[in-house]
1. Membrane-span-like helices in the chain: DSSP H runs reaching 20 Å or more (Cα, own axis), mean Kyte hydropathy at least 0.0?
2. Work from the charge dipole of the range 87-174 (Cβ charges, +1 for Lys and Arg, -1 for Asp and Glu, about the Cα centre) and give the residue of Trp162, Ser106, Met93 farthest towards its positive end.
3. Dipole of the range 64-164, Cα-centred, from +1 at each Lys and Arg C-beta and -1 at each Asp and Glu C-beta, to the nearest 20 debye?
4. How much accessible surface does Val154 have with a 1.4 Å probe, in Å² rounded to 10?
5. Quick one: how many Å² of Arg163 are accessible to a 1.4 Å probe, rounded to 10?
6. What percentage of the solvent-accessible surface of the range 127-260, computed with a 1.4 Å probe over protein heavy atoms, is contributed by carbon and sulfur atoms?
7. Of the accessible area of the range 19-63, with the probe set at 1.4 angstrom, what percent is carbon plus sulfur?
8. Which of Gly14, Gly142, Gly97 ends up with the largest GNM mean-square fluctuation for the chain, with Cα atoms connected below 10 Å?
Amino acid sequence: MDNVVVTGGGGFIGRALIEALEQEGYNAWSLDRPAYDIRCVDDLDLMFADADAVIHLAGVLGTHELFDTIDLAVDVNIVGTLRVLEAAVRHGMGYVGITMPQVFPSIYTATKIGAGALTTAFHHNWGLPVSHVRAFNAFGPGQAWGEGHPRKIVPDFAVRAWRNQPIQIWGDGEQTVDLIHTSELAKVLTQALLVTDNTVIDGGTGYAMTVNQVAEFVLQYTESTAGIEYLPMRRGEVPTNIVAEGEGWSRLDQLPSFNP
């Protein structure tokens, strides 16, 4: 397996993934908008022609944001995944999908559940070599921030603290996150290419931090005196504890690392 196409390879995780693939000796390229669309069969056949495997990252993101664009979320995240799966079967490729902890009653969660179920169906009924990487709270260089982007914990907290604005927390802040650097998540996705039996692999570190702890760390690091502002939970979110439990790690050569 030498040639890997990454859908959404121009995105935050995708850029780190292509770098990791190339470091491991793979020939990797991106299928990304606006030049290509995962819902277009011709685009997929063109970009998949010389590929041995696809790592499927492309999709629309958001928690409360997607309640306003449900049709688009279903079209891109479920129908788009279906088209990628069909193309992978046509071209005799392996497939790695990215999923998430199924903890929020959100539109995004619903679409990822649907996409994952389709992937498993293709594995069992068409013999598609498949693995699923369950991505936890990824952060790192180049993560989008600002108008038009979903608010992610690390860039949002950091920008507000550097501006000496209160860090905004939805809920009481005692919910937990599992923060994984994109370079570490990219390694998990790369190793998942060698796992083909529909295994789910945790893309997390196994270390939980409360949102309050993350906020306090950012405030201390930036020397901000603005403090914390607590807000009601957003649509699609409920208080929850998120941490990787190590599912699928026995299949990896190198485990995700955590540097507190």
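1. 107-126
2. Sorting the options by dipole projection puts first Met93.
3. Once rounded to the nearest 20, the dipole reads 340 debye.
4. Around 40 Å² of this residue is reachable by solvent.
5. We get 140 Å² for Arg163.
6. Of the solvent-accessible surface of the range 127-260, carbon and sulfur hold 52 percent.
7. 44
8. Maximum fluctuation in the GNM of the chain, among the listed residues, is at Gly142.
The values are calculated or read from the model by the stated rules, or taken from the named source; none is laboratory data. These numbers come from a predicted model, not from an experiment. Cβ: placed from backbone, ideal geometry, glycine included. Neighbour counts: every protein chain shown. When the accessible area is computed, the model is the full protein with side chains, heavy atoms only, and any ligands, DNA or RNA have been set aside. Shrake-Rupley method; radii C 1.70, N 1.55, O 1.52, S 1.80 Å.
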